[in-house]
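Trainee: Handing you this structure, nothing more for now.
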Amino acid sequence: MSSIVLNMIVKNEAHIILETLQNLVNSITFDYWVISDTGSTDGTENLILNFFSEVGIPGELHKDEWQNFAHNRNLALNYARGKGDYILIFDADDFVEGSLKISTDLEADAYYLNFSDESGVLSFRRVALVKNNPEIYWRGVVHEFIELPEGASYGNLVGPYSVIARTRGARSLDDDKYYHDATVLANAVYNNQDPDLEPRYTFYCARSYRDAGLYQEALSWFKKRAVMTDGWSEEAYYSCLEIAQIYENEGKALEGREYLEKAIQINPNRAEAWSQLAKLYREAGQHHIAFAYAYMAKDLELNPDSLFSWNRVYDYWIPFELLENGVKIGNFEVAYQGFRALIMAGQADTYKNYYEYLPQFEQYLDNEIIEKIIEVINGPEA
């Protein structure tokens, strides 16, 4: 049976730490805890000590001066050496939603957990459970990550759960957080601090400027990342999406078109860029072109290995584009596929607006769909 040690760094989390720890205890079985406090002044340390004393889980609290994320996470990681077979890394404002089951017989060197943002719009995976191996360590001044030895094995903790990456910790309460992060990352690039991490730093610098509301600075950095060939290609893909989104928000959607096309060149197996192009042409009244873009994505499925997947594109927007543009150009067979997908996804507010096309869809209807349509027409009290 594999033992697990909880590993965290905290600072001034009194407003949320008990909720987080109780959620962890309710969701995951762990045998020991190691937490590094980097300068709390609000009583966070005592809350942690009292909580674990009450629930009867042994552990240790350390106090360390703050330097940067990788440095301080590595201190916390080193304190956990030898304290358990596996190390579970958790942030003070993360929250497990659903049922997360961790096997008692773990084998891989690292495991990905399912994450999403608070809105549920974005989903992604992150390594958060690692074998207690002295060769692993953290890298990155901000948006740090775990570096594993070459040839390390990876697994996925699947199931009906998501770890919600909330923005409720003390750092997120700082209005200047994102601007500060952007400055740190930009300086790391300018100073050639970690040459092999330049693509990553460039990407997260752009996102930090975006989150700080500095969209022109974000646009510049996203454009830098979009043309880089080194690093993870998903960052380049997502940079293209971000560029197009900024242009759209400025009322210049056509200027983002080339970046959506570039995104497709980078990864044609993601649906987001196809969907955005379909939207662009649909709103311009060019339904044949919009339909063609949506059609290219109709069989694409959300890939958990993708960076920041837009969930709604897969379960709503592509079916909608097929339906709306399909009926406009008279391709009712494919339009019905979108109609059916929206019905199966329970999107009644959308698909009921297309009942006028039921005569054209009649030859494709099956009993299951007919029953669902009747249920919506009759209402919940029928």
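Trainee: Kindly provide the set of residues from the range 61-84 that are of a type in the set (D, E, K, R) and surrounded by 15 or more Cβ atoms within 10 Å (Cβ to Cβ), ordered by number.
Mentor: Initially, the range 61-84 is screened for residues of a type in the set (D, E, K, R), giving 63-65, 73, 81, 83.
Listed by number, the residues that qualify are Asp64, Arg73, Lys83.
Trainee: Can you find a residue in the range 265-274 that is assigned to a helix (DSSP H, G or I) and farther than 23 Å from Asn311 by Cβ? Spell out how you get there, then give the answer.
Mentor: First, the residues of the range 265-274 that are assigned to a helix (DSSP H, G or I): 265-266, 272-274.
Still in the list and also farther than 23 Å from Asn311 by Cβ: 265.
Among the residues of the range 265-274, at least one is assigned to a helix (DSSP H, G or I) and farther than 23 Å from Asn311 by Cβ, which makes the answer yes.
Trainee: Still on this structure, I have one more. If a residue must be out of contact with any Phe, Trp or Tyr (no Cβ under 7 Å at 6 or more places or on another chain), small (Gly, Ala, Ser), in contact (Cβ under 8 Å) with a residue 24 or more places away in the chain and exposed (fewer than 15 other Cβ atoms within 10 Å of the Cβ), how many such residues does the range 25-57 contain?
Mentor: Going through the range 25-57, the residues out of contact with any Phe, Trp or Tyr (no Cβ under 7 Å at 6 or more places or on another chain) turn out to be 25-32, 35, 37, 40-51, 53-56.
Now restrict to residues that are small (Gly, Ala, Ser): 27, 40, 43, 53, 56.
Still in the list and also in contact (Cβ under 8 Å) with a residue 24 or more places away in the chain: 27, 40, 43.
Right, trim to exposed (fewer than 15 other Cβ atoms within 10 Å of the Cβ) and you get 43.
Count: 1.
Trainee: Scan the range 283-305 and tell me whether some residue there is assigned to a helix (DSSP H, G or I) and in contact with a His (Cβ under 6 Å, 6 or more places away or on another chain).
Mentor: Checked against the condition, which is being assigned to a helix (DSSP H, G or I) and in contact with a His (Cβ under 6 Å, 6 or more places away or on another chain), the range 283-305 yields no hits at all.
Trainee: Filter the range 104-135 down to the residues that are of a type in the set (Phe, Trp, Tyr) and either within 16 Å of Ile164 (Cα to Cα) or assigned to a loop (DSSP other than H, G, I, E, B) (or both), then identify the one that is nearest to the chain's Cα centre (by Cα). Don't jump to the end; show me each part of the working.
Mentor: Filtering the range 104-135 down to residues of a type in the set (Phe, Trp, Tyr) leaves 111-112, 115, 124.
Of the ones still in play, those that are also either within 16 Å of Ile164 (Cα to Cα) or assigned to a loop (DSSP other than H, G, I, E, B) (or both) are 112, 115, 124.
Numbers: Tyr112: 12, Phe115: 6, Phe124: 3 Å.
The residue in question is Phe124.
Read-outs throughout are calculated quantities, based only on the coordinates presented, and are distinct from any laboratory measurement. Worth saying up front: this structure is predicted, and the values here are computed from it rather than measured. Positions of Cβ are backbone-derived with ideal geometry, glycine not excepted, and every protein chain shown enters the neighbour counts.
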